[in-house]
1. Starting from the 7 Å offset along Cα-to-Cβ, what nm value, one decimal, do you get for the label separation of T120 and R176?
2. Among residues other than L73 whose Cβ falls under 10 Å from its Cβ, what is the net charge (Lys/Arg +1, Asp/Glu -1)?
3. Hey, which aspartates and glutamates would be in cross-link range of K51, C-alpha to C-alpha under 12 Å, not counting anything within fewer than 8 residues on its own chain?
4. For E33, what is the net charge nearby, where nearby means another residue's Cβ is under 10 Å from its Cβ and Lys, Arg count +1, Asp, Glu -1?
5. Taking 18 Å as the cut-off for C-alpha to C-alpha distance, list the pairs among K20/K72; K42/K177; K16/K177 that go past it.
6. Rank by packing, highest mean first: peptides 135-141, 9-15, 19-25, with packing defined as the count of other Cβ atoms within 10 Å averaged across residues.
Amino acid sequence: MEFKDYLEGINRTWNKDSKKSEIDHCRLAIMEEVGEIIGWYKKIHGYKREKTDEWRTELKGEFGDLTYYLVKLFEITGETEMIEHDFKGLLHQNLFEIEHVTSMSRFAVQISEFHYSTNTSLFLNSMDGLWDFTRMLIVYEGFDFEDVLLSNLSKLQTRHGSDFDIDSTLEKGRDRKAETDSLIRPSVNNRKI
């Protein structure tokens with residue numbers, strides 16, 4: 001999948017607003033998604049749970065959501081060249097330390113604290129750091145980077161249809177089972193977004 005194709009898929013399901021509102025939306029969403037990822041790791045490391053198929057499916061979905069908001073934030077801030085060159089993914093990582101997850105949290109907090117207009121370099125460094133740790137953990141967990149992206153777009157198409165639908169942001173407007181199924185088996189047709 002090419003970067004421009006993924007970005008086009010994101011933009012079809014994006015709620016367009018002012019630049020400031022979109023940046024704030026991404027900042028809040030990034031905090032939420034990193035928190036959800038940390039929650040899944042907490043279940044493994046804190047409660048000694050096994051990495052079940054359900055765990056892997058949920059984690060894959062959270063990684064896809066985080067990547068979605070990060071890529072959108074890079075686009076809104078006009079900084080997509082920072083990530084286009086390494087968009088295809090990484091080779092498998094054999095190293096995992098809990099510090100990798102806590103670093104994701106630190107970068108997410110920094111993104112939420114810094115204002116793009118007044119602390120641009122710190123904001124961009126935090127975005128870049130979170131991007132690197134996210135990609136590294138996706139590969140460490142054995143996911144194919146492109147599959148995470150395609151699954152995320154498939155889930156969003158299941159939720160919104162071909163364009164953003166405000167009603168699908170409410171729980172009553174969602175079909176969670178269909179969304180989960182689309183994470184497990186992204187449609188071959190979605191390979192070309």
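Derivation of every value follows stated rules applied to the coordinates shown; laboratory data play no part. All values reported here derive from a predicted model rather than from experimental measurement. Heads up, the Cβs are rebuilt from the backbone with ideal geometry, glycines too, and the neighbour counts pull from every protein chain shown.
1. 4.3 nm
2. Numbers: positive: R27, K72; negative: E22, E75, E79.
Counting the neighbours of L73, the net charge comes to -1.
3. Straight-line reach from K51, under 12 Å: E141.
4. Numbers: positive: none; negative: E32, E36, E62, D65.
Result for the neighbourhood of E33: -4.
5. Values: K20/K72 13 Å; K42/K177 24 Å; K16/K177 27 Å.
In this structure, K42/K177; K16/K177 lie more than 18 Å apart at Cα.
6. Working: 135-141: 19.1, 9-15: 17.6, 19-25: 15.1.
Per-residue mean Cβ counts within 10 Å order the peptides as 135-141, 9-15, 19-25.
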